[in-house]
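Just below is one structure, and these are the notes that go with it.
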Protein chains: 2
Amino acid sequence: MSAAQRSILALSGGVGGAKLALGLADELAPGQLHVLVNTGDDFEHMGLHISPDIDTLLYTLSGMANEELGWGQAGETWQTMEALERLGGETWFRLGDKDMATHLWRTRQLQQGKSLGEVTTGLAQQLGVQTHVHPMTEEPVRTTVHCAGENLSFQHYFVRERCEPKVSGFSFEGISAARPNRNTMRLLQDNAFSSVVICPSNPFVSVDPILQLPGLWLALRDNPAPVVLVSPIVAGLAIKGPAAKMMAELGVPVTALGVARHYCARYPGLLDYFVIDDSDATLADDIGKLGVEVAVTSTVMKNRADKARLARFTLHLGEAS
Amino acid sequence: MSAAQRSILALSGGVGGAKLALGLADELAPGQLHVLVNTGDDFEHMGLHISPDIDTLLYTLSGMANEELGWGQAGETWQTMEALERLGGETWFRLGDKDMATHLWRTRQLQQGKSLGEVTTGLAQQLGVQTHVHPMTEEPVRTTVHCAGENLSFQHYFVRERCEPKVSGFSFEGISAARPNRNTMRLLQDNAFSSVVICPSNPFVSVDPILQLPGLWLALRDNPAPVVLVSPIVAGLAIKGPAAKMMAELGVPVTALGVARHYCARYPGLLDYFVIDDSDATLADDIGKLGVEVAVTSTVMKNRADKARLARFTLHLGEAS
């Protein structure tokens, strides 16, 4: 099997990761890309099973994503939320009318006994997504954000509290009993992947829950496919989301070097390539000293061409090794 | 306590009953009307607890009802249903975007341990409804429509199959273990009602499930408050819904007399007054022979004034006795 025919595995959280996943999907043959998606953000809300990162992936890959909002579906409306407000209901988590259909559909299928993986595959099919989108696990893993004085479930921290509480750490409830996605593990065993791309997602709440699934990061490390990580921090800023704020609160330097240290300390030997932005080129030497190959390019993805370009860059790194 | 200060109890299903309930509410002081509502149509759909008749009452009494559709809310939109259609989801039961909020709110509150009665009271408060709207029972009672060769749950018969299958009978699963609404039973014991109005609802699937709750119809019969029933069949037609079609299929004459026989046979001694439309005046003698007082008036409610007029008529009958 030549590298060109083999599959690519991407690890992704929500918005930031989905951008690169879209670029990868554009560059690869239909069905060649597998994305292993964080489900630590999943939660049950008003009787619905909500999988925010999976939905972001599916909406992005199907072209349904709301580019202005940065989440949810294009052309979304909010009739249910407005009516719920009149009823004095819980409206902190904004459920769009179109988005609601996804939650209803998923909840219904899960109640009928399907697995989250099967439901996700079914959703992808219905939405015309040819990329294989896998939940990181079938078991419930729930990210908890430790803040001064209280532990918040991820969505309470992220949406209800708008990431305002100061963070002191994270835990992933249920992770020790969770098994990594079976399809992905089987493909790893079969050496089906020519490379693994860790998308520029939040290290603490998007990528860590995936990598800390029992057996997963060691399986990635011990697999011949090179692991390429794209830094989510560019010029000291997170392109999207609370990663930079979290790093500052945890006392970690808010730089690509801080990100690299995080990964190299927790997952020694995992990363082969660490991709940083041109603006962070001066950090290359220090990152290199951690034992990873540093690759420098423009990593900011403003449009579809940017995404495809960064995707090609990461794919070439994988092929070169 | 004078009759004018005492409460009125109405028994109601959905649309037809809600019309007279609105008329009664308009004629009475705030809080003077209690409506005991059929919940045999309730069902669980896509994880949501749906109470169609209660919602019809609440939307009608709050002025939110969709007059054109005859069900649901005014200004309703269907974004969720359209998105669900794209997903190949179940769309036979049309859940409007505004209506969805009611189902989410109710489901959430039930999951938190509230009773259906408490949830209904809460909804009424949020929607500014001053009428006391009571589910007929807290226990699940589910109407089953017996058709040639199969038994259909009510919503499958009514919505999915559009009332097309030929009906041979009905059963109300769970009814023998169901207790009638406690508030209503207490008010009956306290002789708090000056009269009881059975709205022009479907006898088989709206009123029978209420009256067949253990102890209820006997409590109504043995209570001094007169019971006034308004015929849902006018000139051989049902104003709304499948009542006429059901009667024909059951071999019952599709007339107000057929309705009267149904009630007098099943609930002997219950009815004091039987209200029929002017167009059915020739049936008065035969109905009278069943042992009920027949009152003739215009019973077709096309507008709010019609509703109030018919409400006054039924109230005067109650006061006269």
Item to complete: For A:Ser231, indicate whether it is among the hydroxyl-bearing types (Ser, Thr, Tyr) and in contact with a Pro (Cβ under 6 Å, 6 or more places away or on another chain).
Response: no
Practice prompt. Just one of (1) in contact with a Gly (Cβ under 9 Å, 6 or more places away or on another chain); (2) within 18 Å of A:Gly13 (Cβ to Cβ) trips up A:Thr255, so point out which.
Written response: (2)
Item to complete: Mind telling me which of the residues B:Thr121, B:Thr143 ends up being hydroxyl-bearing (Ser, Thr, Tyr), more than 9 Å from every other protein chain (Cβ to nearest Cβ) and not in a helix (DSSP H, G or I)?
Response: B:Thr143
Worksheet, complete the sentence: Reported set for region A:116-129 where residues are in contact (Cβ under 8 Å) with a residue 24 or more places away in the chain and surrounded by 16 or more Cβ atoms within 10 Å (Cβ to Cβ) is A:Leu116, A:Gly117, A:Thr120, A:Leu123, A:Ala124, A:Leu127, A:Val129
Worksheet item: Has region B:249-263 got any residue that is part of a loop (DSSP other than H, G, I, E, B), in contact (Cβ under 8 Å) with a residue 60 or more places away in the chain, under 15 Å from B:Cys199 (Cα atoms) and of a type outside the set (Asp, Glu)?
Response: no
Practice prompt. Name the one entry in A:Ala243, A:Ala260 that is modelled with pLDDT under 95 and crowded, with 20+ Cβ neighbours inside 10 Å.
Written response: A:Ala243
Worksheet item: Among the residues of region B:182-198, which ones are part of a loop (DSSP other than H, G, I, E, B) and either buried (at least 24 other Cβ atoms within 10 Å of the Cβ) or free of Cβ contacts under 8 Å to residues at least 24 places away in the same chain (or both)?
Response: B:Asp190
Response to the item:
Scanning region B:126-136 residue by residue, those polar (S, T, N, Q) and more than 9 Å from chain A (Cβ to nearest Cβ) turn out to be B:Gln130, B:Thr131
Item to complete: Of the numbered conditions (1) surrounded by fewer than 19 Cβ atoms within 10 Å (Cβ to Cβ); (2) assigned to a loop (DSSP other than H, G, I, E, B); (3) within 14 Å of another protein chain (Cβ to nearest Cβ), A:Glu164 fails exactly one; give the number of that condition.
Response: (3)
Practice prompt. Could you tell me whether region B:95-102 includes any residue that is more than 9 Å from every other protein chain (Cβ to nearest Cβ), hydrophobic (A, V, I, L, M, F, W, C) and under 25 Å from A:Leu123 (Cβ atoms)?
Written response: no
Worksheet item: Quick check, is A:Ala305 in a helix (DSSP H, G or I) and in contact with an Asp or Glu (Cβ under 6 Å, 6 or more places away or on another chain)?
Response: no
Worksheet entry | Filter result (touching a helix residue (DSSP H, G or I) at 6+ places or on another chain (Cβ under 7 Å), β-branched (Val, Ile, Thr) and under 30 Å from B:Glu118 (Cβ atoms)) within region B:145-170 | B:Val145
Discussion item. Looking at the structure I just gave you, is A:Val119 over 22 Å from A:Lys240 (Cβ atoms) and not hydroxyl-bearing (Ser, Thr, Tyr)?
Written reply: yes
Item to complete: Starting from region B:217-237, take each residue that is among the hydroxyl-bearing types (Ser, Thr, Tyr) and list its partners that are surrounded by 16 or more Cβ atoms within 10 Å (Cβ to Cβ), counting only C-beta distances under 6 angstrom and pairs at least six apart or across chains.
Response: B:Ser231/B:Ala256; B:Ser231/B:Val259; B:Ser231/B:Ile276
Worksheet item: What residue, among those in region A:274-321 that are in contact with a helix residue (DSSP H, G or I) (Cβ under 9 Å, 6 or more places away or on another chain) and basic (Lys, Arg), is surrounded by the most Cβ atoms within 10 Å (Cβ to Cβ)?
Response: A:Lys307
Worksheet item: Can you tell me which residues in region A:75-89 are touching a Gly at 6+ places or on another chain (Cβ under 9 Å) and within 7 Å of chain B (Cβ to nearest Cβ)?
Response: A:Thr77, A:Gln79, A:Thr80, A:Ala83, A:Leu87, A:Gly88
Worksheet item: Can you tell me which residue in region A:146-161 is surrounded by the fewest Cβ atoms within 10 Å (Cβ to Cβ), limited to those that are hydrophobic (A, V, I, L, M, F, W, C) and not in a strand (DSSP E or B)?
Response: A:Ala148
Fill in: Subset tally (residues that are of a type in the set (A, V, I, L, M), closer than 21 Å to B:Phe154 by Cβ and more than 10 Å from the chain's Cα centre (by Cα)) for region B:9-51
3
Worksheet item: facing chain A (nearest Cβ under 9 Å), surrounded by fewer than 22 Cβ atoms within 10 Å (Cβ to Cβ) and more than 26 Å from B:His156 (Cα to Cα) - does that describe any residue in region B:103-115?
Response: no
Worksheet item: Which of the residues spanning region A:276-294 are outside any helix (DSSP H, G or I), touching a residue at least 24 places away in the same chain (Cβ under 8 Å) and either among the small types (Gly, Ala, Ser) or touching a Gly at 6+ places or on another chain (Cβ under 7 Å) (or both)?
Response: A:Gly291
Worksheet item: Among the candidates B:Glu68, B:Glu44, B:Glu85, which residue alone is part of a loop (DSSP other than H, G, I, E, B) and acidic (Asp, Glu)?
Response: B:Glu68
Worksheet item: How many residues are in contact (Cβ under 8 Å) with a residue 24 or more places away in the chain and farther than 14 Å from A:Ala101 by Cβ if we restrict to region B:67-98?
Response: 6
Discussion item. Quick check on region A:205-214. Is at least one of its residues touching a Pro at 6+ places or on another chain (Cβ under 7 Å) and either more than 25 Å from A:Asp41 (Cα to Cα) or touching a residue at least 24 places away in the same chain (Cβ under 8 Å) (or both)?
Written reply: yes
Discussion item. Among the residues in region B:29-40, are any within 14 Å of another protein chain (Cβ to nearest Cβ), in contact with an Asp or Glu (Cβ under 8 Å, 6 or more places away or on another chain) and hydroxyl-bearing (Ser, Thr, Tyr)?
Written reply: no
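The values are calculated or read from the model by the stated rules, or taken from the named source; none is laboratory data. All figures in this text were calculated on a predicted structure; none of them were measured in a lab. Quick reminder, even Gly has a Cβ in these numbers, built from the backbone with ideal geometry, and neighbours come from all protein chains shown.
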